[in-house]
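Student: Sharing a structure with you now.
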Amino acid sequence: LETPRVQEVNILSQDTWYKNQSYEYIIGFDKARLALKQISSNTFQYALSGFTKSDYNIASTIVNGQVENIKLASKQGNNIDKWQVMHVMAPIGNTSARLKNVSYLKKEPVSLAICKENQQYRLILAYDYIGDYMMSNNFQKRIIEEIEPKLPIGYSIKTNNDFFFWDTQSKKQYWLLFLVIAIIFFIGAVLFESLALPFAVILMIPISYIGLFLTFYLFEINFDQGGFAAFILLSGITVNAALYIINDYNNLRRKYKNTGRDPKMFYYKAFNYKITPILLIILSTALGLVPFLWGGQKEVFWPAMAAGTIGGLLFSMIGIVFYLPLLLKIRLKKIEFKSKK
């Protein structure tokens, strides 16, 4: 609260995207002012009972052979508001005073549950920060670095900004990339009926990652969970071009197997057939992501995802034009060598 940009700080027990709607009013008294007016805390508390809705048992009596409690209830307990509580003259002991002169009234959220996680009690500090995401994130990291060394044994503090499986502590999200690559290799092996050609498809992925890293470096874009989402998108999109070209190349080679034609011409023909739709797919995808760049660094996830995907798609064209035929030429030489032998 010492930071001007921080407002509405609440301590909660449950992680929620909406604000806690349960509140209670708390009245506290100023000990110094009560002492000047010679009012004890018990007397002050008894004076407040007339403003509450609570019922108090003050005596009991016998009615029809049964014990009945006699309760004292406030007449105005159902219609009084907080302004009246603080401004109306109230009898306090042997004197009268306005409660605002000797006390204060504040509204605080009510925690509805006690939560435990991994055999530890958990409290969540929620607050509103006036500013963009990066400023808020840097402020949070700075506060945690200041508080963490001062915590007693058994206490810990950590951030709770995990979006879209983004966990910077455990790095578990990167195993998803290996899963995607394994699925692509399996599909390529079935489609090409080969264990070597799928590697030509998979090696297109790191080439697109080069464009992603260059984009973040040259334009000074912060790498967040949007960058990881760009990894996943590029892994699925950039391999399409290699799949199209290699699949047509294999079909042409099988069709004209015994004609004595140069196999390199089959690749050129497959490349000419597929390069136009490949370019249209890459350009249309890149243009479709341009509106997500308008938010700039003030937004989280979407600008980083769009910039990384666009940079990776454009850089993958280098792999399609130069890298893919280079790898296939190496394989063609092996085939020619075997046929001569």
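The values are calculated or read from the model by the stated rules, or taken from the named source; none is laboratory data. Nothing here was measured: the structure is a model prediction, and the numbers come from that model. A quick note on method: Cβ atoms are made from the backbone with ideal geometry, for glycine too, and the neighbour counts reach across all protein chains shown. With ligands, DNA and RNA removed, areas are computed over all heavy atoms of the protein, side chains included. Shrake-Rupley method; radii C 1.70, N 1.55, O 1.52, S 1.80 Å.
Student: So Lys158 fits all but one of (1) outside any strand (DSSP E or B); (2) open to solvent by less than 80 Å² (accessible area, probe 1.4 Å); what number is the exception?
Tutor: (2)
Student: May I ask you to say which residue of Lys172, Lys150 is modelled with pLDDT of 85 or more and basic (Lys, Arg)?
Tutor: Being modelled with pLDDT of 85 or more and basic (Lys, Arg) holds for just one of Lys172, Lys150, which is Lys150.
Student: Do we find that Ser194 is over 23 Å from the mean Cα position of the chain (by Cα), without any contact (Cβ under 8 Å) to a residue 40 or more places away in the chain and open to solvent by less than 50 Å² (accessible area, probe 1.4 Å) in this structure?
Tutor: Yes: the conditions hold for Ser194.
Student: Identify, from the list Tyr249, Tyr217, Tyr256, the residue that is open to solvent by 70 Å² or more (accessible area, probe 1.4 Å), aromatic (Phe, Trp, Tyr) and out of contact with any Pro (no Cβ under 8 Å at 6 or more places or on another chain).
Tutor: Testing whether each residue is open to solvent by 70 Å² or more (accessible area, probe 1.4 Å), aromatic (Phe, Trp, Tyr) and out of contact with any Pro (no Cβ under 8 Å at 6 or more places or on another chain) leaves just Tyr217.
Student: Separate question: If the Cβ limit is 8 Å and pairs must be 6+ apart or interchain, which residue in region 275-291 that is hydrophobic (A, V, I, L, M, F, W, C) pairs with which residue that is open to solvent by 70 Å² or more (accessible area, probe 1.4 Å)?
Tutor: Ile278/Tyr244; Ile282/Leu314; Ala286/Leu314
Student: How about region 1-89: which helices (runs of 4 or more DSSP H) wholly inside it have at least 2 residues that are loosely packed, with under 13 Cβ neighbours inside 10 Å and modelled with pLDDT of 80 or more?
Tutor: 31-36
Student: When you go through Phe271, Phe223, Phe231 one by one, which is the residue that is surrounded by 13 or more Cβ atoms within 10 Å (Cβ to Cβ), over 32 Å from the mean Cα position of the chain (by Cα) and not acidic (Asp, Glu)?
Tutor: Sole residue among the options that is surrounded by 13 or more Cβ atoms within 10 Å (Cβ to Cβ), over 32 Å from the mean Cα position of the chain (by Cα) and not acidic (Asp, Glu): Phe271.
Student: Another question about this same structure. Yes or no: region 297-311 includes at least one residue that is in a helix (DSSP H, G or I), open to solvent by 60 Å² or more (accessible area, probe 1.4 Å), more than 13 Å from Val239 (Cα to Cα) and at pLDDT 90 or above.
Tutor: For region 297-311, residues in a helix (DSSP H, G or I), open to solvent by 60 Å² or more (accessible area, probe 1.4 Å), more than 13 Å from Val239 (Cα to Cα) and at pLDDT 90 or above: absent.
Student: Specify which of the listed residues (Leu279, Leu283, Leu252, Leu212) is under 29 Å from Phe178 (Cβ atoms) and either of a type outside the set (A, V, I, L, M, F, W, C) or touching a helix residue (DSSP H, G or I) at 6+ places or on another chain (Cβ under 9 Å) (or both).
Tutor: After applying the criteria, what remains is Leu212.
Student: Additional query: Conditions first: (1) touching a Phe, Trp or Tyr at 6+ places or on another chain (Cβ under 7 Å); (2) surrounded by fewer than 16 Cβ atoms within 10 Å (Cβ to Cβ). Ser208 passes all but one, so which condition is the exception?
Tutor: (2)
Student: Quick one: in region 90-129, of everything that is open to solvent by 90 Å² or more (accessible area, probe 1.4 Å) and part of a loop (DSSP other than H, G, I, E, B), which residue is nearest to Glu2 (Cα to Cα)?
Tutor: Leu123
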